[in-house]
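In what follows, a structure is listed as structure tokens, so that the remarks can point back to it.
The values are calculated or read from the model by the stated rules, or taken from the named source; none is laboratory data. Everything numeric in this text was worked out from a predicted model, so none of it was measured. Here the Cβ positions follow ideal geometry from the backbone for every residue, glycine too, while neighbour counts run over all protein chains shown. Heavy atoms of the whole protein, side chains included, go into the accessibility calculation; ligands, DNA and RNA do not. Shrake-Rupley method; radii C 1.70, N 1.55, O 1.52, S 1.80 Å.
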Amino acid sequence: MSDARTPAQIEADIISRREQLAVVLDEIGVRMHPKTIIGDAKAKAAEAVDRTAGRAFVAVNRTVSDVKAQFVSEDGAPRLERVVPAALLAVGVVGLLVVSRRKKR
């Protein structure tokens, strides 16, 4: 059996390869278009911002929950042994700020 191809088969192969090449070149053209490159860069930047914002939200949420756990018991009642000293400290700091402002005037 011979592997010889007819001119019609060769021509059909050339046409097929030419069409495949045209598709590949069109895809390359779309990928290399400035608008596509800018769009990809914007998408990557937005993804990075979303990821960073998500991490920040989780960290802040965890910190708030940890602080809240220090002042509120598991049943939701305030822990007076911790709330009262913190409130007194806050009042003292505000009082010192007021006194120092009055002295400046």
- Item | Test: residue 24 is more than 22 Å from the chain's Cα centre (by Cα), open to solvent by less than 90 Å² (accessible area, probe 1.4 Å) and not small (Gly, Ala, Ser) | yes
- Message: Any residue in the stretch 27-53 that is open to solvent by 80 Å² or more (accessible area, probe 1.4 Å) sitting within a Cβ distance under 9 Å of a residue that is of a type outside the set (Lys, Arg)? List the pairs, counting only those 6 or more apart or interchain.
- Response: 30/36; 31/37; 31/40
- Which one is least open to solvent (accessible area, probe 1.4 Å) among residues in the stretch 56-105 that are over 39 Å from the mean Cα position of the chain (by Cα) and charged (D, E, K, R)? 81
- Considering only the stretch 1-14, how many residues are exposed (fewer than 10 other Cβ atoms within 10 Å of the Cβ) and either of a type in the set (A, V, I, L, M) or at pLDDT 95 or above (or both)? 3
